[in-house]
Structure formats: C-alpha cells, structure tokens
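Worksheet for the structure shown next.
Nothing in this text is a laboratory measurement; each read-out follows from the coordinates by a stated rule. Quick caveat: nothing in here was measured; it's all calculated off a predicted structure. Cβ atoms come from the backbone with ideal geometry, glycine included; neighbour counts cover every protein chain shown.
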Amino acid sequence: MKVLMLGLGQAGSKIADLFLADDRKSHVPHTFEAIAINTATSDLMGLQYIPQEDRILLGETIVKGHGVGADNRKAAEIAEEESEIVLNRVSKFDTSNIDAFIVAGGRGGGTGSGTISVICKQLKKIYDEPIYAIGILPAETEGDIYTLNAARSLKALLPNCDATILVDNGAFLRSGESVREAYERINTEVVKRIGVLCRAGEARSRKDVGEMVVDAAEVINTMKAGGICSIGYASEIIEREGFFTSLFRRKQYQIGKASRIISVTKRAVKGRLLLPCEYRTAQKALIVIAGPPDQLDRNGISKAREWLENNISGTEVRGGDYPLPKSSYVGCVVLLAGISNAPRVKAMLERAKMVQQKVTEGPHKEKDLQFLLGDIENLQL
C-alpha cells in the first residue's frame, strides 16, 4: 500500500519523519513518502529524513516562523489562506501510484489541530484516494487548553476524512514519566503498527508473498467503516529447538503454531491499543500476522479471524499473513474500525465542556461547544 503522508505541526511532522526513517531501512522501501508542514521554523529544522524541499512553512508573513502557540483557530485560518502551497507540493509526487493519504497531527496543540481538517478537506476535493488521519490526543495531564483544542479539532476533522486513527498518549505513559519523555517511544509504536498494515502486501520477491495476502484493498475496505479507529499489537518470540532437544521438552514447551497465532491475536485486541476502547463495538476489523514463513499457520490465522468475528459488532473481519524470513518473532497487528465506545474520548469531551463553561467570553462559546457535543453523541462515543 503506497502512502503519501503529510505531517502537520510538531507532533505530526515528527511522526512523518519517523515513518520515512523506518521506510528507508525496511525490506520494502518507498512504501511511504512524506511532507512536513508547520508554522514554526525551528520544528522543521529539527527533522532528519524529510528532504528540505518537502518541508513547508506556512504563515510566514503572519507569525514570522514562530508558530501559533496553542491558537488552533489562527492555524486554521492560515491553512485556509495558504492551502494551495501544500497542494502544489503534493502534486510534485507521483500521486497516480498512491493508494491513500495519511495526514498526521497532534490534537492538542495549535498548528496540527488547527490545520488538519482544512488540509484533509482540500485533499478530498482533488483526489479520489482515501484520506486517513492520525490524531494524537493530549494526555490528561497536559492542561485544559489542549483538551479544548483536541475536542474542537476532532469535531472539525471527522467529516473531512475517511477514517481517523486516534492515539492516546496517556495510555503509553509509564509511572512517573512525562509525555515529552515518552514521545519517541509512543511515535515508534504508531509507526510500527501502521507500517506493518501498509507494507504487508508490498512484496519484493516470491519469498515475501504471503499465502493469505493482505493488500491495499483489504486495508481500504476495512477503513470504510469510517469514524474512529484503533490499532493493537502483540508479539511472541520464537524459541527454536536445538537438534538434541529431547522430545519431552519439545512437547512440554513448544507452543503450536496455530495456538500461538490465536494467542497473539487475542493479546493484540485486549492489550494496549493506540486508543483504549471497547473493541466489541468495532464495525470492521483486519488481522495481519507477521513472522517467519514457516510459522504463519493458515489454520491459525483462520481461527483468529473467526474468534474476532464472534467478538465485534460487525461481521467483516479480514486477515492474512506478512512473511518476514529474518524475524525471530510472530506478531499480530489488528485494525479496529468504526469504534463506537472509547471512554478516553468521552472523558476528553466532558472535560472540554467544563473548560468551555469556564471561558465565559460570550454566549456563542457555549453554543459552539453544544454543536461539538451533538456531533460526538451522534457517533455514540
């Protein structure tokens, strides 16, 4: 699955840069191309892998390269006025070979949360390919303004993209760890999970072709559930038996291939999702089992799909394998699409409502918030 990624603001640009770094060292390079977009010069300068010509500074005459702070409304205005600059840069890529666009940005800051809905809307006007968003939710410790920005941004984003993958920073924090300290680790989790989904069907040789291929169409059809999505991941190391290992030890410790696949699938679904949610409310799902070809048991994958089909609201569960000959792990990535119960999002919206009520600048403010909450309630989140 060929993807053009647009990273917006500091958080989105860092993720896009990391996607490009991961792509270039993978066995299937050029699955991803990336553009970074920001209102702060310093953030663009800090990137390592996105070429200079693909780094776009917006609002230079307005904010002088210093960013918009946490003012996402100003960022949205700048994006509306200068979206043609972004679209011109996108057109420099060979978009005829692109299967999807992914637009990434933080939901709590200024540039990312303000520009993402504008950029998605403009892309949808021109391109037929699906537009997906990656939204990074602020941790609960990050302050009221970030919560309010995230709520406003989510409301504006959902109608303007085909599906939104949300990431809850707080779900990945370790005891005593700040969000800033955890950024790189969280971003790596995002890149790993989405990277597997997009590269699974991009074989370079016959040995890379799975028995149950997951191609771009499988991912796109799953994401057609729309709304909010989450992604789970789990893996298990393969303990290779030595030649002289006793038969008793083999029977006692070696897990069957099919059982291992079912086990990692359940852990991927029930474990640490990018967005903690009630997985049973998903409308569609996709399972990708990755690992050495001799460990990718077809029966195990079928049983894993059957288990998930029996445990989500919808009936469409796709699945397949992703051969990685040099891997010492069997891993499972699960995409859950069309989620209708995410407690973290509910809590964020309720907090945003309280914050808005404190900001008594006029009656229109409360009206704006009620419009936001009405939209979210329609999604049953």
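Calculate the length of the line joining the C-alpha centroid of region 63-118 to that of region 294-361, in whole Å.
27 Å
Report the relative contact order of the chain, percent, no decimals, based on alpha-carbon pairs under 8 angstrom and at least 6 residues apart.
15 percent
For the pair Glu60 and Ser259, what calculated FRET efficiency results from E = 1/(1 + (r/R0)^6), where r is the Cβ-Cβ distance and R0 = 56 Å, to the nearest 0.05?
Here the calculated transfer efficiency is 0.45.
Below 8 Å, C-alpha to C-alpha, sequence gap of six or more: please give me the relative contact order for region 103-203 in percent.
Relative contact order comes out at 28 percent.
If you add up the charges near Asn311, with Lys and Arg at +1 and Asp and Glu at -1, over every other residue whose beta carbon is less than 14 angstrom from its beta carbon, what do you get?
+3
Pairing the Cα long axis of helix 343-358 with the longest principal axis of the chain, what angle in degrees results, from 0 to 90 and rounded to the nearest 10?
10 degrees
So if we plug the beta-carbon distance of Asn97 and Lys326 into 1/(1 + (r/R0)^6) with R0 = 41 Å, what FRET efficiency do we get, rounded to 0.05?
With a Förster radius of 41 Å, E is 0.90.
What's the angle, to the nearest 10 degrees (0 to 90), between helix 9-25's Cα axis and the longest principal axis of the chain?
Its long axis makes an angle of about 30 degrees.
With a ≥ b ≥ c taken as the square roots of the eigenvalues of the C-alpha gyration tensor of region 3-199, please select rounded if a/c is under 1.5 and otherwise prolate if a/b is larger than b/c or oblate if it is not?
Judged from the Cα gyration tensor, region 3-199 comes out rounded (a/c under 1.5).
Where does helix 144-157 land angle-wise versus the long Cα axis of the chain, in degrees 0 to 90, nearest 10?
Between the helix axis and the principal axis of the chain, the angle is about 80 degrees.
Tell me the label-point distance for the pair Leu87, Glu278, using the 7 Å Cα-to-Cβ offset, in nm and rounded to one decimal.
4.1 nm
If you average the C-alpha positions of region 1-31 and of region 134-213 separately, how far apart do those two centres end up, in angstrom?
With region 1-31 and region 134-213 each reduced to a Cα centre, they are spaced 13 Å.
State, to one decimal in nm, how far the label point of Glu211 lies from the label point of Ser175, with both points 7 Å from Cα in the Cβ direction.
If labels sit at Glu211 and Ser175, their model points lie 4.4 nm apart.
If I stretch the segment between Met354 and Glu309 completely, what's the gain in nm (0.36 nm per residue apart, minus their alpha carbon distance), one decimal?
That pair, Met354 and Glu309, stretches by 12.3 nm at full extension.
Give me the percent of DSSP beta bridges within the chain that run antiparallel, rounded to the nearest 5.
Within the chain, antiparallel bridges account for around 30 percent of the total.
Quick one: Debye curve from the alpha-carbon atoms of the chain only, equal weights, vacuum; give me log10 I(q)/I(0) at q = 0.11, 0.13, 0.14, 0.15 Å⁻¹ to two decimals.
-0.76, -1.04, -1.19, -1.34
Around Ile102, what is the net charge, scoring Lys/Arg as +1 and Asp/Glu as -1 over all other residues with Cβ under 12 Å from its Cβ?
-3
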